[in-house]
Amino acid sequence: MRKVFMCSLCHNGILGGGLYLDNNSVTYKTQKLTVSEQYKNLVLPMSEIEGITWKWIIFPVATFRMKTGAKYNIIIFNKWRFEKYYNKYQENPA
């Protein structure tokens, strides 16, 4: 079952949007007109996520490290809930 989180992608500024988590991927979506198409529907497949690290800058910021070497910083406003379901989906992939 898909879970939804309020978030902001940290890329050339703070870009508010939604983060969708399911067994297959973590997906960032936004409708902002000034965002490049690459980031409007950013899909991070679970199988391609190497790891996540956290830091606090007023809000919790997750850095998603991909196996390709790419990194994405996303402010996730409910870290505890996100980690709970992320770990659950990692243990039981689709």
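Can you send over the carbon and sulfur percentage of the accessible area for the chain, probe radius 1.4 Å, protein chains only? Write out the running numbers ahead of the final one.
Working: 2990 of 5740 Å².
Reported share for carbon and sulfur atoms: 52 percent.
Hey, could you grab the Kirkwood Rh for the chain? Inverse mean 1/r over distinct alpha carbon pairs, Å, one decimal.
On the way: mean 1/r = 0.0750 Å⁻¹.
In the chain this quantity evaluates to 13.3 Å.
Which entries in the list Lys32/Lys88; Lys3/Lys29; Lys55/Lys88; Lys40/Lys88; Lys32/Lys67 go over 24 Å, if you measure between the two C-alpha atoms of each?
Lys32/Lys88; Lys40/Lys88; Lys32/Lys67
Pairs of alpha-carbon atoms within less than 8 angstrom and 6+ residues apart define the contacts here; what relative contact order does the chain have, in percent? Don't skip to the end; give the middle numbers.
Details: 171 pairs, mean separation 24.2, N = 94.
It rounds to 26 percent for the chain.
Under a point spin-label approximation (7 Å from Cα along Cα-to-Cβ), what is the Val4-Arg65 distance to one decimal in nm?
Computed distance between label sites Val4 and Arg65 equals 3.2 nm.
³J(HN,Hα) across region 74-91 via Karplus (A = 6.51, B = -1.76, C = 1.60, θ = phi - 60°), whole Hz, x for Gly/Pro?
Each residue's phi maps through the Karplus curve to give 9, 6, 10, 6, 10, 4, 4, 5, 4, 4, 4, 6, 4, 5, 4, 6, 5, 6 Hz.
How many Å² of accessible area per residue for the chain, probe 1.4 Å?
Dividing the accessible area of the chain by its residue count gives 61 Å².
Starting from the 7 Å offset along Cα-to-Cβ, what nm value, one decimal, do you get for the label separation of Asn41 and Lys79?
Inter-label distance under the simple model: 3.2 nm.
Taking all protein chains together and a probe of 1.4 Å, list Phe59, Phe82 from the most accessible to the least accessible.
From most exposed to least exposed: Phe59, Phe82.
The values are calculated or read from the model by the stated rules, or taken from the named source; none is laboratory data. Note that the structure is a prediction, hence the values are computed from the model and not measured. Note that we place each Cβ from the backbone using ideal geometry, even for glycine, and neighbour counts take in every protein chain shown. To get the accessible areas, we keep the full protein, side chains included, count just its heavy atoms, and leave off ligands, DNA and RNA. Shrake-Rupley method; radii C 1.70, N 1.55, O 1.52, S 1.80 Å.
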